[in-house]
Structure formats: C-alpha cells, structure tokens
Amino acid sequence: MEFKKVGVIGCGLMGSGIAQTAATAGFETIVVEADEKALDKGFAGIQKSLEKFAEKGTITAETKDAALGRLHKSMDLAALADCDIVIEAIIENLDIKRELYKKLDAICKTETVFASNTSSISITQMMTATGAERQRRFVGLHFFNPVPIMKLVEVVKTILTDPEIFDHVDAFGKQLGKVTVKTSDRTGFIVNRLLVPYMLDAIRALEEGVGTIEDIDNAMKLGCGYPMGPFTLTDFVGVDTTYYITQVMYDEFKEKRFASPSLLTRMVAAGLYGRKSGRGFYDYTDPKNPKPMNLF
C-alpha cells in the first residue's frame with residue numbers, strides 16, 4: 001500500500017494545517033469544505049504560513065511553490081473519490097461525523113483509508129457508520145495545533161483496524177515529518193488522557209485559592225519547565241474545547257478527575273472561550289500583553 005493522494009475534509013485551523021503539511025511533504029492534497037468562505041480563508045492562511053516558512057529559511061521558495069501547486073480545493077465530496085487516505089477535521093460532533101463517513105463510504109474507492117483528527121470522540125463509534133470492509137481501514141490520526149510546527153501525531157487503532165493498514169498509516173505519519181505514537185481507541189488517547197486532568201486540577205487549585213492565575217502559570221513554567229502554564233494553555237486550546245473534552249471523557253470513565261470544575265462550566269456559559277473570543281483566563285485586548293481576568 002502506498003499513499004499518493006491525500007484528502008482533507010475541513011479547512012479550519014486543523015484541516016488547513018494538515019493539508020499544508022501533506023502538500024509540503026510531497027502529497028497531492030485535495031481539501032473539501034462545505035463553506036466557500038471558510039475554504040478561501042483556509043487557503044489564504046496556508047499561503048501566508050508557507051510564505052513565513054520561506055522567509056525564515058525553514059523551507060525554500062521552490063518548496064513553497066511546489067506545495068501550493070499540490071493543493072486543490074473543492075466543495076464537493078466526490079472530489080475525494082480516488083484519494084488513498086481521507087483525513088477528517090470537522091466539528092467535534094459525533095452525529096455530524098457519522099453522517100459524513102456514511103456518505104464518504106459510498107463515494108471513495110474500496111482501498112481508501114479513513115482517518116479522523118478527533119481529539120476525544122470514539123473512533124469506533126464513527127467507524128460503525130461505514131461498511132465492514134471500510135472498518136478495517138478506519139483509524140484516528142490526531143494532530144496537534146499548530147499542525148505545521150507540532151511534531152507529534154497520535155495514530156489510533158480500533159479493535160477492527162487491520163494491523164497492516166495501521167502500520168501503513170503510522171509510516172504515512174512519519175512521511176509527513178511527524179513523530180508518531182501508536183495508541184488504542186480509548187477516549188483522550190495518550191496526550192489528553194494525561195493532560196486534561198492536569199488542566200482541570202489547575203482550575204480547581206485556582207478555585208481553592210492555592211494561587212493566582214499568573215502564579216500557577218509561572219509555577220508550572222519555571223518549576224516544571226513547561227513552555228506555558230495551564231491557564232495560558234487552556235486559553236490557547238479553547239476553554240470551550242476543553243469543556244467539551246471533559247464531557248466526553250467523564251462520560252467514558254465516570255471519574256472525578258475528568259469532570260468539569262464549576263468555574264470552567266461558568267466560563268463557557270459566559271462566552272469566555274480563551275484567545276479565540278478575546279477573553280478566557282486572560283484578557284487579550286492587548287494580545288502581546290494579556291492580563292489575567294478577575295473571575296471571582
């Protein structure tokens with residue numbers, strides 16, 4: 001099995017990053033997005049990102065132009081019919097994903113591998129929307145944001161994933177220039193299984209008055225050598241995204257460490273989503289100098 005043509009569904013932050021990475025690695029890449037405005041915005045972001053890499057000397061101008069030449073966009077799922085692997089990076093909603101995979105199963109060739117970039121939804125639950133043959137060719141490929149920079153990819157197998165296909169997908173991840181880790185289809189995989197309880201414990205420590213937002217962030221940066229503290233990280237990931245992940249993980253494990261603290265729940269209700277909304281644990285009115293919010 002050899003992957004030559006890559007399909008990406010979704011051209012938001014993650015989808016565009018995956019498409020850029022695949023095209024830069026030498027793969028013909030087709031990106032499908034239902035919204036034309038989002039598609040154009042995503043492609044503009046890819047071009048800007050590649051230009052920055054070229055300006056910094058990370059890639060050559062020739063590599064940039066070649067990558068752009070391998071990228072194609074469409075609003076029609078039929079454009080993915082002859083792709084060797086299709087990577088889905090759409091909204092984290094199981095019903096919407098299942099409906100998409102049901103359509104794709106009827107469109108794509110039998111040999112096409114399906115991969116979801118989900119960070120929390122069961123690969124198995126998505127897989128069952130397809131036929132028995134496709135279920136052998138269904139995996140998770142969890143990239144990290146920003147995709148062109150972050151080196152890790154979690155490669156996720158279900159109990160029905162063909163071992164040979166799983167190995168081919170793992171090799172594909174390495175072809176993209178990533179470090180791959182293999183894991184099984186358990187909610188949170190490796191990274192979020194360990195990271196989310198840490199982020200939630202930081203929120204509980206804040207609620208209990210252990211320290212301020214800045215003090216807890218600085219303690220973990222300077223005391224543990226982390227590149228950013230838990231509140232800066234939560235704002236970057238998205239307060240709402242973190243909350244959603246807690247719902248999925250708590251539903252699976254029924255353990256307190258995966259439950260949403262009340263402060264997180266209130267912040268989501270108030271629209272304090274982090275960087276993307278301009279306010280979260282920090283106020284980003286001045287993005288270069290964020291100020292901690294008064295949340296109590």
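The values are calculated or read from the model by the stated rules, or taken from the named source; none is laboratory data. Just so we're clear, the structure is a prediction, and the values are computed from it rather than from any experiment. Virtual Cβ from ideal backbone geometry, glycine too; neighbours counted across all protein chains shown.
Residues that are modelled with pLDDT of 95 or more and either under 15 Å from Ile90 (Cβ atoms) or not assigned by TED's automatic domain parsing to the domain that holds Val113 (or both): does region 44-53 have at least one?
No - not one qualifying residue is present in region 44-53.
Give all pairs with beta carbons closer than 6 Å in which a residue from region 210-226 that is farther than 16 Å from Leu200 by Cα meets a residue that is aromatic (Phe, Trp, Tyr) and surrounded by 15 or more Cβ atoms within 10 Å (Cβ to Cβ); count only pairs at least 6 apart in sequence or on separate chains.
none
Report the residue count in region 114-132 for those that are without any contact (Cβ under 8 Å) to a residue 60 or more places away in the chain, over 14 Å from the mean Cα position of the chain (by Cα) and within 23 Å of Gly173 (Cβ to Cβ).
Here is the first cut: in region 114-132, the ones without any contact (Cβ under 8 Å) to a residue 60 or more places away in the chain are 114-116, 118, 125-132.
If we keep only those that are over 14 Å from the mean Cα position of the chain (by Cα) too, we end up with 114, 125-132.
If we keep only those that are within 23 Å of Gly173 (Cβ to Cβ) too, we end up with 114, 125-127, 130.
Adding up the residues that qualify gives 5.
Just checking, how many residues over region 69-106 are surrounded by fewer than 20 Cβ atoms within 10 Å (Cβ to Cβ) and in contact with a Ser or Thr (Cβ under 6 Å, 6 or more places away or on another chain)?
Summing the residues that are surrounded by fewer than 20 Cβ atoms within 10 Å (Cβ to Cβ) and in contact with a Ser or Thr (Cβ under 6 Å, 6 or more places away or on another chain) in region 69-106 gives 2.
Looking at region 154-170, is at least one residue exposed (fewer than 14 other Cβ atoms within 10 Å of the Cβ) and under 17 Å from the mean Cα position of the chain (by Cα)?
no
Do you know which residues across region 119-138 are β-branched (Val, Ile, Thr) and surrounded by fewer than 22 Cβ atoms within 10 Å (Cβ to Cβ)?
Of the residues in region 119-138, the ones β-branched (Val, Ile, Thr) are 121, 123-124, 128, 130.
Residues satisfying the conditions are Ile121, Thr124, Thr128, Thr130.
Lys64: among the basic types (Lys, Arg), under 18 Å from Ala19 (Cα atoms) and modelled with pLDDT of 95 or more, yes or no?
Here the answer is yes, as Lys64 does meet what is asked.
Go through Val210, Val237 for me and flag whichever is of a type outside the set (Asp, Glu) and modelled with pLDDT of 95 or more.
Just a single option satisfies the conditions, and that option is Val210.
Could you check, for region 57-68, whether at least one of its residues is touching a residue at least 40 places away in the same chain (Cβ under 8 Å) and surrounded by 16 or more Cβ atoms within 10 Å (Cβ to Cβ)?
Yes, region 57-68 has at least one match.
For region 203-232, which residues satisfy the criterion of being touching a Leu at 6+ places or on another chain (Cβ under 9 Å) and either within 14 Å of Phe258 (Cα to Cα) or of a type in the set (Asp, Glu) (or both)?
Correct list: Ile203, Arg204, Glu207, Asp217.
Please verify whether Tyr243 is at pLDDT 95 or above, under 19 Å from Asn93 (Cα atoms), touching a Leu at 6+ places or on another chain (Cβ under 6 Å) and not basic (Lys, Arg), treating the condition exactly as stated.
yes
Kindly provide the set of residues from region 34-88 that are in contact with a helix residue (DSSP H, G or I) (Cβ under 6 Å, 6 or more places away or on another chain) and of a type in the set (D, E, K, R), ordered by number.
Lys64, Arg70, Lys73
How many of the residues in region 279-296 are in a loop (DSSP other than H, G, I, E, B), surrounded by fewer than 15 Cβ atoms within 10 Å (Cβ to Cβ) and not hydroxyl-bearing (Ser, Thr, Tyr)?
6
Can you tell me which of Ala22, Ala79, Ala66 is in contact with a His (Cβ under 8 Å, 6 or more places away or on another chain), assigned by TED's automatic domain parsing to the domain that holds Val179 and assigned to a helix (DSSP H, G or I)?
Ala79
Could you check how many residues of region 145-179 are outside any helix (DSSP H, G or I) and among the small types (Gly, Ala, Ser)?
Of the residues in that region, 1 qualify.
Return only the number of the condition from (1) more than 17 Å from the chain's Cα centre (by Cα); (2) under 20 Å from Ile245 (Cβ atoms) that Asp105 does not satisfy.
Asp105 satisfies all of (1) more than 17 Å from the chain's Cα centre (by Cα); (2) under 20 Å from Ile245 (Cβ atoms) except (2).
Inside region 180-266, counting only helices (runs of 4 or more DSSP H) that do not spill past its ends, which hold 3 or more residues that are under 19 Å from the mean Cα position of the chain (by Cα)?
191-207, 230-237, 239-253
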